[in-house]
1. Could you count how many residues in region 1-55 are of a type in the set (Asp, Glu) and either more than 15 Å from residue 79 (Cβ to Cβ) or not in a strand (DSSP E or B) (or both)?
2. Can you give me the number of residues within region 56-104 that are among the polar types (S, T, N, Q), in a strand (DSSP E or B) and out of contact with any helix residue (DSSP H, G or I) (no Cβ under 7 Å at 6 or more places or on another chain)?
3. Quick one: in region 22-36, which of the residues that are surrounded by 14 or more Cβ atoms within 10 Å (Cβ to Cβ) and in contact with a strand residue (DSSP E or B) (Cβ under 7 Å, 6 or more places away or on another chain) is nearest to residue 60 (Cα to Cα)?
4. If the Cβ limit is 7 Å and pairs must be 6+ apart or interchain, which residue in region 80-100 that is at pLDDT below 95 and β-branched (Val, Ile, Thr) pairs with which residue that is assigned to a loop (DSSP other than H, G, I, E, B) and loosely packed, with under 10 Cβ neighbours inside 10 Å?
5. Identify, please: which residue in region 37-54 is surrounded by 15 or more Cβ atoms within 10 Å (Cβ to Cβ) and of a type in the set (A, V, I, L, M, F, W, C) and is, among those, farthest from the chain's Cα centre (by Cα)?
Amino acid sequence: MASASLSPADSAILREHPALRVTRGPYTYSVDFAGNGALLSVSDAHGKITEPVLMAVGAGLVHQSYLIEHQGGFYQPPISYYTSEGKLLAPGDAVPASLEAALGQRLPGDRLPACSVMARPRAPALLLRPSV
């Protein structure tokens, strides 16, 4: 459980594969790692949304997915790196209806439960959005 969630800088998958791409219908997803961070983008013929990856979820033994923040909400895009395949995949048949919908599932509220994103001893009960 100690590696259930990682910063992008601590993700071996992102370090070893700094430019991941996958297409689902009209949408192209990319995860680009540079320095200590990663950017996740989704684009179509009409636009592009790019956000920093907040964390990589999963050690990568089977797969690793990513969490982003977009316009005040936390999202889990519908893509994962599958270790057995050695590539980024967008499983499922449903094609999102819009570029915003292509960002994936918006997580409820403006906080992430600590158990789902922080694998540290004595982690706080909630991960709050940092104040700007």
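1. Quick first cut of region 1-55, residues of a type in the set (Asp, Glu) only: 10, 16, 32, 44, 51.
In the following step, the residues that additionally are either more than 15 Å from residue 79 (Cβ to Cβ) or not in a strand (DSSP E or B) (or both) were identified as 10, 16.
Counting residues in region 1-55 that are of a type in the set (Asp, Glu) and either more than 15 Å from residue 79 (Cβ to Cβ) or not in a strand (DSSP E or B) (or both) gives 2.
2. Quick first cut of region 56-104, residues among the polar types (S, T, N, Q) only: 64-65, 71, 76, 80, 83-84, 98.
Filter again for in a strand (DSSP E or B), leaving 64-65, 76, 80.
Cutting the leftovers down to out of contact with any helix residue (DSSP H, G or I) (no Cβ under 7 Å at 6 or more places or on another chain) gives us 65, 76, 80.
Number satisfying all stated conditions: 3.
3. Of the residues in region 22-36, the ones surrounded by 14 or more Cβ atoms within 10 Å (Cβ to Cβ) are 22, 24, 27-33.
Okay, now just the ones that are also in contact with a strand residue (DSSP E or B) (Cβ under 7 Å, 6 or more places away or on another chain), so 22, 27-32.
Numbers: 22: 17, 27: 24, 28: 22, 29: 19, 30: 17, 31: 15, 32: 17 Å.
Once the filter is applied, the top-ranked residue is 31.
4. These pairs meet every condition: 83/61.
5. First pass over region 37-54, keeping only residues surrounded by 15 or more Cβ atoms within 10 Å (Cβ to Cβ): 38-44, 49, 51, 53-54.
Next cut, of a type in the set (A, V, I, L, M, F, W, C) only: 38-40, 42, 49, 53-54.
On the way: 38: 9, 39: 9, 40: 7, 42: 11, 49: 13, 53: 6, 54: 7 Å.
Only one residue tops the list, namely 49.
The values are calculated or read from the model by the stated rules, or taken from the named source; none is laboratory data. Not measured: the values here are computed from a predicted model. Note that we place each Cβ from the backbone using ideal geometry, even for glycine, and neighbour counts take in every protein chain shown.
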